[in-house]
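Enquirer: Sending over a structure as structure tokens; questions will come in a sec.
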Amino acid sequence: MEETIIKTAQPVIDSRIPEGPVAEKWTNYKAHQKLVNPANKRKLTIIVVGTGLAGASAAATLGEMGFNVLNFCIQDSPRRAHSIAAQGGINAAKNYQNDGDSVYRLFYDTVKGGDYRAREANVYRLAEVANNIIDQCVAQGVPFAREYGGLLANRSFGGAQVSRTFYAKGQTGQQLLLGAYSSLNRQINAGKVKSYNRYEMHDIVMIDGRARGIIARNLVTGKLERFAAHAVVIATGGYGNTYFLSTNAMGCNCSAAMACYRQGAYFANPAYVQIHPTCIPVHGDKQSKLTLMSESLRNDGRIWVPKDIEEAKKLQAGEIKGSDIPEERRDYYLERRYPAFGNLVPRDVASRAAKERCDKGFGVNNTGQAVFLDFSEAINRLGIDVIRQRYGNLFDMYEEITDVNPGEKANTIDGVDYYNPMMIYPAIHYTMGGIWVDYELQTSVKGLFAIGECNFSDHGANRLGASALMQGLADGYFVLPYTIQNYLSDQITVPCPTTDSKEFDEAEARVQKNLEHIMAIQGKRSVDSIHKELGHIMWEYVGMGRTREGLLTALDKLKALREEFETNLFVPGTIEGLNIELDKAFRLRDFITMGELIAHDALNRNESCGGHFREEHQTEEGEAKRDDENYFYVACWKYGGSDEVEPTLIKEPLHYEAIKVQTRNYKS
Amino acid sequence: METNISFKLKVWRQAGPKEKGHFETYEMSDIPTDTSFLEMLDILNEQLVEKGEEPVAFDHDCREGICGMCSLYINGHPHGPATGATTCQLYMRRFHDGDTITVEPWRSAAFPIIRDLMVNRNAFDQIQQAGGYVSFNTGGAQDANALPISKVAADEAMDSASCIGCGACVAACKNGSAMLFVSAKVSQFALLPQGKVEAKRRVKAMLAKMDELGFGNCTNTGACAAECPKNIKLSNIARLNREFLCAKCSD
Ligand SMILES: Cc1cc2nc3c(=O)[nH]c(=O)nc-3n(C[C@H](O)[C@H](O)[C@H](O)COP(=O)(O)OP(=O)(O)OC[C@H]3O[C@@H](n4cnc5c(N)ncnc54)[C@H](O)[C@@H]3O)c2cc1C
Ligand code: SF4
Ligand code: FES
């Protein structure tokens, strides 16, 4: 987008939301948008970076439509994108259970769950196309769970009063991704999609103010390669690994998003980061990632720490075990603080409550950074068989990792049986913020689109369970393939650019210089050691509880860390050929920039909402306090021209027509 | 409970596809037993980088046993000694102080080595591209519940669809056959009404591609299913053979 407004004034952001009532916008849009006819589709090339749910579904659908698609991923196969790891399920408003669900209700729950910080029009469209996703996936042969009558089964998830989640065992993401991958394979076979595996996009190539190609590195040969297209779609996932430890896969990164940001694409709401309450705690400094334990465990598990701090100390020292502490000396703090919702409060609330106890010294585990999730009461009530039927696979997974079996009786005190409790702690899980996009999913750079977790999406300040898969597939199957045509319709006479232009030369030279710079530092510290330090800073100061002071400290420390990276990093090997340390170093540089961006946004947002909690802004009971008067907007950050320069804030005000903005309440 | 162990690690090192490989031995000391196998390799790599040497290249991503990216032939077993688990789900408590642990890449003509423990499994994608799909264009699907499918069939299809495409079956097989992998996909679709229409074309195309890419023949040794981290059953291969015969008969 041409920047017509000078820095001092507030630029106006055009989110291109169609006219009409919220329920009619998408229909209106589709009725009036411009299309590309089949003969012309053959002349147009589209780059899709990413093969997760968003990227694979978009690439396959664009191929089916007749476009030429170039599709990239960093793994050795498109099927291994991080989406494969999603467990729980995908939402839709089918109302198959006849429990009163509707498109409007799904829309409403998503907006409310997002703490009233999402764009109404986008969320409504998401809810509207959600049902098509289920139809589509069944037609592909995705083996969703079924009832004995042969119809689809549903389960319940947090933040909703209806049962609208479709699932395939605990492997929903896997099955949905394999469905998209199969459609993608059909297009690869048909020659409409060219697939580039083990390729990493490093930069966007801009020609005459439009995105016209990318520079990607072949991770096996180490060579930079040029790819040209009429439009570029980014579907590269979230930035959770900025925190080093997260539930994300090891390769998840924000480099492609940062490349877009540096080319002028606004980055929206970076501070909205989701912290999941039930993950296996950190056990040592050698740990590489955190494992999610399903939210469903909170249906029967009770969360507690000792009432007596001396007992917590003994637990930390390993002198006693959780099962040595009888009922009356346990503090079920969620049940105590939130009698109405108890252990089933939303993710953000449960996470903060755990942190509060641990900060006060009541944490368990040798680190003091964990709480118990206990099934004794449920096992005594329902029997171990029922509990194992419900959670057996999760118990096994927990045992494999920790060597503790939560289904094993460990003690009997005064005739009451106590089973081994699990230990859990919150961990970074998902990022609601991302590249800013308009209603058409186009970024503020012409011809550059962003879909899936990497855009700032439809989840506002907090995402509900089972809604990320829904959004990724909605974007890829049903939204982008339409909206991108509105952009491409006047590009049909433009030939695909050649890759020998000066713009490609310059872009490649830029990337080459960065890579050479990283190789030339030849300092003393490994990539991982600096990344871990970044993670510590982010978790400590930009994590679950944020303060102005802490955020300022974080910005200072991040500046120093960037300096450390620039002067003391060591990458062995050479720039040629496969170099796994160089791959990681390139991503780390972007994580540091991302970290600063998160901190800036968190500092600016003087309110608490969803995943963003500023300790200065809470009620007397310690609940999040929003400030709708001053912060009812999407915070869009514009790159300052260099990583060292502070970004500028541009606000996209939110307008709600269909929904009344209210305070979320979980106490009564 | 957590203890520390020390052991010898014999790792296959190979600079590139055409280069000659060799075993390198590393002394690993004081490794906590609650470290995962891949975290143990991270520790080794950190030590190598500190000494200015190049780290051992190995594939991995999710570290939760679902993406199928990790591999490794550990002490003669694909994905190591644990059953029903991938390498990334293996913890050091399975090993003992003083052990020698041997780590090799998948060895198969169809999976050329890229570097050290990293191999190229692109052949698996090519087999899927040959026919591992239902030909259906986005849009135009009927309501999902218009087509009831028996729970038994759906559950069985789900079991077959659980294959993570890791390639352990090929690495375990003395013939280097990919039958278990191919049969898992063929079975998923053969069990579901959506897959029936193209069943014959699919099985022939996928098997033809498999042969073309240099995978060996299946002689029913069952090593694949014994080492499969996702417990994909041998009965899938039987189903594939039936499907194939059926397809040939109707030619
Ligand atoms: C453990 C876990 C469980 C989850 N469970 C659920 C659930 O039950 N329900 C739900 O709705 N959501 C769930 N989520 C969230 C959901 O899985 C993700 O938000 C979603 O899958 C993201 O999809 P995506 O397509 O946007 O990106 P991803 O799946 O992350 O794909 C990113 C793609 O981009 C590629 N890529 C990245 N960078 C580059 C680059 N520079 N160059 C080239 N390619 C690149 C990658 O190779 C990959 O193909 C879960 C998340 C986790 C971590
Ligand atoms: S069949 Fe089993 S061993 Fe073979 S690729 Fe699939 S999951 Fe891996
Ligand atoms: S790293 Fe994903 S299965 Fe092992």
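Enquirer: Got a sec? Which of A:ASN380, A:ASN343, A:ASN366 is in a helix (DSSP H, G or I) and open to solvent by 50 Å² or more (accessible area, probe 1.4 Å)?
Expert: Among A:ASN380, A:ASN343, A:ASN366, only A:ASN380 is in a helix (DSSP H, G or I) and open to solvent by 50 Å² or more (accessible area, probe 1.4 Å).
Enquirer: Scan segment A:164-186 for residues that are more than 23 Å from the chain's Cα centre (by Cα) and open to solvent by 10 Å² or more (accessible area, probe 1.4 Å) and report the count.
Expert: Final tally of qualifying residues: 1.
Enquirer: Kindly indicate whether any position in segment B:216-236 is small (Gly, Ala, Ser) and closer than 29 Å to A:LEU151 by Cβ.
Expert: yes
Enquirer: Report, by residue number, each residue of segment B:25-49 that is more than 7 Å from chain A (Cβ to nearest Cβ) and either over 22 Å from B:VAL119 (Cα atoms) or open to solvent by 10 Å² or more (accessible area, probe 1.4 Å) (or both).
Expert: Of everything in segment B:25-49, those that are more than 7 Å from chain A (Cβ to nearest Cβ) and either over 22 Å from B:VAL119 (Cα atoms) or open to solvent by 10 Å² or more (accessible area, probe 1.4 Å) (or both) turn out to be B:THR25, B:TYR26, B:GLU27, B:MET28, B:SER29, B:ASP30, B:ILE31, B:THR33, B:ASN45, B:GLN47.
Enquirer: Something else: If A:LYS194 passes every condition in (1) of a type in the set (Lys, Arg); (2) more than 11 Å from chain B (Cβ to nearest Cβ); (3) surrounded by 21 or more Cβ atoms within 10 Å (Cβ to Cβ); (4) under 26 Å from A:LEU44 (Cα atoms) but one, which one does it miss?
Expert: (3) is the only condition that A:LYS194 fails.
Enquirer: A further question follows. Given the criteria within 12 Å of chain A (Cβ to nearest Cβ) and away from ligand 1 (no atom under 16 Å from the Cβ), does B:LYS200 qualify?
Expert: no
Enquirer: Those residues that are away from chain B (no Cβ under 14 Å) and farther than 14 Å from A:ASP643 by Cβ, I need them from segment A:565-596; list them, please.
Expert: Listed by number, the list holds a single entry, A:THR567.
Enquirer: Would you confirm whether or not segment B:77-89 contains a residue that is farther than 18 Å from B:PRO105 by Cα and of a type in the set (A, V, I, L, M, F, W, C)?
Expert: Looking through segment B:77-89, none of the residues is farther than 18 Å from B:PRO105 by Cα and of a type in the set (A, V, I, L, M, F, W, C).
Enquirer: Got a sec? Which of A:ILE530, A:ILE492 is in a helix (DSSP H, G or I) and β-branched (Val, Ile, Thr)?
Expert: A:ILE530
Enquirer: State whether one or more residues within segment A:265-272 are within 16 Å of ligand 3 (Cβ to nearest atom), in a loop (DSSP other than H, G, I, E, B) and open to solvent by less than 10 Å² (accessible area, probe 1.4 Å).
Expert: No, every residue in segment A:265-272 fails to be within 16 Å of ligand 3 (Cβ to nearest atom), in a loop (DSSP other than H, G, I, E, B) and open to solvent by less than 10 Å² (accessible area, probe 1.4 Å).
Enquirer: Can you say whether A:GLY433 is away from ligand 1 (no atom under 13 Å from the Cβ), outside the structural domain of A:LEU290 (by TED's automatic domain parsing) and either more than 30 Å from A:GLY66 (Cβ to Cβ) or open to solvent by 10 Å² or more (accessible area, probe 1.4 Å) (or both), as far as the supplied structure shows? Lay out the reasoning, then the answer.
Expert: On the way: away from ligand 1 (no atom under 13 Å from the Cβ): no; outside the structural domain of A:LEU290 (by TED's automatic domain parsing): yes; either more than 30 Å from A:GLY66 (Cβ to Cβ) or open to solvent by 10 Å² or more (accessible area, probe 1.4 Å) (or both): yes.
It is false that A:GLY433 is away from ligand 1 (no atom under 13 Å from the Cβ), outside the structural domain of A:LEU290 (by TED's automatic domain parsing) and either more than 30 Å from A:GLY66 (Cβ to Cβ) or open to solvent by 10 Å² or more (accessible area, probe 1.4 Å) (or both).
Enquirer: What residue, of A:ASN98, A:ASN28, A:ASN68, A:ASN40, is of a type outside the set (Asp, Glu) and either touching a strand residue (DSSP E or B) at 6+ places or on another chain (Cβ under 6 Å) or within 16 Å of ligand 2 (Cβ to nearest atom) (or both)? It would help to see each step written out before you state the result.
Expert: Values: A:ASN98 fails: either touching a strand residue (DSSP E or B) at 6+ places or on another chain (Cβ under 6 Å) or within 16 Å of ligand 2 (Cβ to nearest atom) (or both); A:ASN28 fails: either touching a strand residue (DSSP E or B) at 6+ places or on another chain (Cβ under 6 Å) or within 16 Å of ligand 2 (Cβ to nearest atom) (or both); A:ASN40 fails: either touching a strand residue (DSSP E or B) at 6+ places or on another chain (Cβ under 6 Å) or within 16 Å of ligand 2 (Cβ to nearest atom) (or both).
Answer to the selection: A:ASN68.
Enquirer: Output the number of residues of segment A:224-242 satisfying the condition of being of a type in the set (Ser, Thr, Tyr) and either within 11 Å of ligand 1 (Cβ to nearest atom) or open to solvent by 10 Å² or more (accessible area, probe 1.4 Å) (or both).
Expert: Residues flagged as of a type in the set (Ser, Thr, Tyr) and either within 11 Å of ligand 1 (Cβ to nearest atom) or open to solvent by 10 Å² or more (accessible area, probe 1.4 Å) (or both) within segment A:224-242 amount to 2.
Enquirer: Those residues that are out of contact with any Lys or Arg (no Cβ under 9 Å at 6 or more places or on another chain) and either more than 7 Å from every other protein chain (Cβ to nearest Cβ) or buried (at least 23 other Cβ atoms within 10 Å of the Cβ) (or both), I need them from segment B:123-137; list them, please.
Expert: The answer is none; no residue qualifies.
Enquirer: Evaluate the following for B:GLY68: is it at pLDDT below 95 and either within 16 Å of ligand 2 (Cβ to nearest atom) or of a type in the set (Lys, Arg) (or both)?
Expert: Taking the combined requirement at face value, the residue does not satisfy it.
Enquirer: Could you tell me whether B:VAL170 is surrounded by fewer than 21 Cβ atoms within 10 Å (Cβ to Cβ) and of a type in the set (A, V, I, L, M, F, W, C)? I'd like the intermediate steps shown before the answer.
Expert: Details: surrounded by fewer than 21 Cβ atoms within 10 Å (Cβ to Cβ): no; of a type in the set (A, V, I, L, M, F, W, C): yes.
In short, no.
Enquirer: Take the residues in segment A:63-86 that are more than 24 Å from the chain's Cα centre (by Cα) and open to solvent by less than 10 Å² (accessible area, probe 1.4 Å); name whichever of them is nearest to A:ARG186 (Cα to Cα).
Expert: The qualifying residue nearest to A:ARG186 (Cα to Cα) is A:GLY63.
Enquirer: Sticking with this structure for a sec: Take B:GLY84 and tell me if it is surrounded by 16 or more Cβ atoms within 10 Å (Cβ to Cβ) and either in a loop (DSSP other than H, G, I, E, B) or modelled with pLDDT under 95 (or both).
Expert: Taking the combined requirement at face value, the residue does not satisfy it.
Enquirer: With respect to B:PHE215, determine if the residue is crowded, with 24+ Cβ neighbours inside 10 Å and away from ligand 3 (no atom under 16 Å from the Cβ). Steps first, please.
Expert: On the way: crowded, with 24+ Cβ neighbours inside 10 Å: yes; away from ligand 3 (no atom under 16 Å from the Cβ): yes.
Yes; evaluated as a whole, the condition is true for this residue.
Enquirer: Condition (residue is outside any loop (DSSP other than H, G, I, E, B) and either within 16 Å of ligand 3 (Cβ to nearest atom) or more than 10 Å from chain A (Cβ to nearest Cβ) (or both)) applied to segment B:52-70: is it met by at least one residue? So that I can check it myself, show each step before the final result.
Expert: Residues of segment B:52-70 outside any loop (DSSP other than H, G, I, E, B): none.
Among the residues of segment B:52-70, not one is outside any loop (DSSP other than H, G, I, E, B) and either within 16 Å of ligand 3 (Cβ to nearest atom) or more than 10 Å from chain A (Cβ to nearest Cβ) (or both), which makes the answer no.
Enquirer: Here are some residues: B:ILE101, B:ILE113, B:ILE66. Which one is aliphatic (A, V, I, L, M) and within 16 Å of ligand 1 (Cβ to nearest atom)?
Expert: B:ILE66
Enquirer: Right, another one. Hey, B:TRP106 hits all of (1) at the interface with chain A (Cβ under 7 Å from one of its Cβ atoms); (2) open to solvent by less than 30 Å² (accessible area, probe 1.4 Å); (3) aromatic (Phe, Trp, Tyr) but one; which does it fall short on?
Expert: The number of the failed condition is (1).
Enquirer: Condition test on B:LYS185, is it open to solvent by 30 Å² or more (accessible area, probe 1.4 Å) and of a type outside the set (Gly, Ala, Ser)?
Expert: no
Enquirer: Check B:VAL103 against each of (1) farther than 17 Å from B:PHE23 by Cβ; (2) within 15 Å of ligand 3 (Cβ to nearest atom) and name the one condition it does not meet.
Expert: Here B:VAL103 clears every test but (1).
Enquirer: Okay, moving on. Criterion first (among the β-branched types (Val, Ile, Thr) and within 12 Å of chain B (Cβ to nearest Cβ)) does A:VAL162 satisfy it?
Expert: Numbers: among the β-branched types (Val, Ile, Thr): yes; within 12 Å of chain B (Cβ to nearest Cβ): no.
Here the answer is no, as A:VAL162 does not meet what is asked.
Enquirer: Same structure, new question: When the residues of segment A:103-125 are filtered to those that are under 18 Å from A:ILE17 (Cα atoms) and in contact with a strand residue (DSSP E or B) (Cβ under 8 Å, 6 or more places away or on another chain), which remaining residue is surrounded by the most Cβ atoms within 10 Å (Cβ to Cβ)?
Expert: A:ARG117
The values are calculated or read from the model by the stated rules, or taken from the named source; none is laboratory data. All values derive from a computational prediction rather than experimental measurement. Every residue, glycine as well, gets a Cβ built from its backbone with ideal geometry; the counts of neighbours run over all protein chains shown. When the accessible area is computed, the model is the full protein with side chains, heavy atoms only, and any ligands, DNA or RNA have been set aside. Shrake-Rupley method; radii C 1.70, N 1.55, O 1.52, S 1.80 Å.
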